[in-house]
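Rule-based calculations on the coordinates, nothing more; no lab input. This is a predicted model, so every value here is computed, not measured. Here the Cβ positions follow ideal geometry from the backbone for every residue, glycine too, while neighbour counts run over all protein chains shown.
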Amino acid sequence: MRFIAYLVLVAAAVVAVAWGVLLPALVLGGIKACVVGFEFMELRTAHIAHRIVFALGVAALVLVLSLVASP
């Protein structure tokens with residue numbers, strides 16, 4: 001499963017760079033952060049509240065960065 005997560009991370013990075021637009025790159029970065037959190041940081045075995053707060057924190061960070069970076 002970790003190898004699949006690694007492939008997803010690499011594919012998301014390639015798509016974000018190839019796209020060249022900031023908003024999709026931020027969203028893909030947020031998805032990558034969630035994949036790393038749930039797969040490599042073992043959040044899938046953590047309490048549900050920790051998983052929810054982590055995902056909401058990532059979403060809030062992507063939202064703030066997209067608002068700050070938009071012209």
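Against the chain, whose longest principal axis is taken from its Cα atoms, helix 22-35 shows a tilt of about 10°. Here the stretch 2-69 is treated as an ellipsoid with the same Cα gyration tensor; its semi-axes, largest first and in whole Å, are 22, 17, 5. Here is how the number arises for the chain: DSSP H runs of 4 or more residues each give -39500 (n - 2.57), the sum is divided by the residue count, and the result at 222 nm is -26000 deg cm²/dmol. What's the FRET efficiency of Cys34 with Val14 using the Cβ-Cβ distance as r and R₀ = 25 Å, to the nearest 0.05? Given R0 = 25 Å and the Cβ-Cβ separation, E is 0.90.
Normalised by the number of residues in the chain, what is the relative contact order in percent for Cα pairs under 8 Å and 6+ residues apart? Mind showing how you got there, number by number?
On the way: 39 pairs, mean separation 22.1, N = 71.
Across the chain, relative contact order equals 31 percent.
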